[in-house]
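The values are calculated or read from the model by the stated rules, or taken from the named source; none is laboratory data. These numbers were taken from a predicted model, which means no experiment stands behind them. Every residue, glycine among them, receives a Cβ derived from its backbone with ideal geometry; neighbour counts consider all protein chains shown.
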Amino acid sequence: MSDLHCDFSPHDFSATAFTSSSGRVVRVSGFGLCPSAGWELALVSTNQGVVPHPESLWLELREQAPHGSARVLVDTSVEAIIEDERATEVVVRFSWREPFSIPVVEFDGLNARNGAGAARRSAAASVTAS
């Protein structure tokens with residue numbers, strides 16, 4: 001683990017599509033293991049490049065390190081909700097490493113009640129950032 005960035009894995013992220021009469025939104029949520037408490041994380045829409053990929057929703061994960069925090073590994077959550085009618089995958093880009101992609105799963109109320117489809121990681125300490 002680097003002191004400069006949090007550590008992210010596609011296995012710690014999920015993307016769920018919710019469709020209603022007013023449209024479709026995709027909720028992307030996940031966790032990163034950060035080198036100290038107080039990191040702020042955000043998923044923001046980003047340019048997908050010259051070649052269009054209508055089936056892909058491109059997000060950039062941005063980090064802001066805290067000032068003067070003690071070194072202790074902390075799970076830190078991040079979430080974004082984006083309107084999108086066609087995405088079947090979400091590509092998460094980083095400024096310092098290769099991107100990864102996660103599939104978009106259509107919301108199924110029956111499976112949601114059983115706890116399926118959520119990105120989860122247990123930790124002794126957890127901080128939520130927006």
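Just one of the numbered conditions (1) over 15 Å from the mean Cα position of the chain (by Cα); (2) in contact (Cβ under 8 Å) with a residue 40 or more places away in the chain; (3) closer than 18 Å to Ala17 by Cα is not true of Ala80; which one?
Failed condition: (1).
What is the number of the single condition among (1) under 16 Å from Ala80 (Cβ atoms); (2) in a loop (DSSP other than H, G, I, E, B) that Ser2 does not meet?
(1) is the only condition that Ser2 fails.
Determine which single condition Glu106 fails, assuming it passes every other condition in (1) out of contact with any Asp or Glu (no Cβ under 8 Å at 6 or more places or on another chain); (2) at pLDDT below 95; (3) among the charged types (D, E, K, R).
(2)
Looking only at segment 25-62, how many residues end up being hydroxyl-bearing (Ser, Thr, Tyr), closer than 14 Å to Pro103 by Cβ and surrounded by fewer than 16 Cβ atoms within 10 Å (Cβ to Cβ)?
0
So that you can scan it fast, the table gives a plain yes or no per residue for (1) modelled with pLDDT of 85 or more; (2) not in a loop (DSSP other than H, G, I, E, B); (3) not hydroxyl-bearing (Ser, Thr, Tyr):
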{"residue": "Ser69", "(1), (2), (3)": "no, no, no"}
{"residue": "Asp75", "(1), (2), (3)": "yes, yes, yes"}
{"residue": "Arg86", "(1), (2), (3)": "yes, no, yes"}
{"residue": "Val90", "(1), (2), (3)": "yes, yes, yes"}
{"residue": "Arg97", "(1), (2), (3)": "yes, no, yes"}
{"residue": "Ser122", "(1), (2), (3)": "no, no, no"}
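Part of a loop (DSSP other than H, G, I, E, B) and either modelled with pLDDT under 95 or aliphatic (A, V, I, L, M) (or both): is that true of Leu33 in this structure?
Details: part of a loop (DSSP other than H, G, I, E, B): no; either modelled with pLDDT under 95 or aliphatic (A, V, I, L, M) (or both): yes.
Considered against the rule, which asks whether it is part of a loop (DSSP other than H, G, I, E, B) and either modelled with pLDDT under 95 or aliphatic (A, V, I, L, M) (or both), Leu33 comes out as no.
Checking the condition free of Cβ contacts under 8 Å to residues at least 60 places away in the same chain and more than 18 Å from Ser9 (Cα to Cα), which residue from Ser95, Ser22, Ser36 passes?
Details: Ser95 fails: more than 18 Å from Ser9 (Cα to Cα); Ser36 fails: more than 18 Å from Ser9 (Cα to Cα).
Ser22 is the lone residue from the list that is free of Cβ contacts under 8 Å to residues at least 60 places away in the same chain and more than 18 Å from Ser9 (Cα to Cα).
Of the residues Ser22, Ser2, Ser9, which single one is at pLDDT 95 or above, among the polar types (S, T, N, Q) and either surrounded by 14 or more Cβ atoms within 10 Å (Cβ to Cβ) or more than 20 Å from Thr88 (Cβ to Cβ) (or both)?
Of Ser22, Ser2, Ser9, the one residue that is at pLDDT 95 or above, among the polar types (S, T, N, Q) and either surrounded by 14 or more Cβ atoms within 10 Å (Cβ to Cβ) or more than 20 Å from Thr88 (Cβ to Cβ) (or both) is Ser9.
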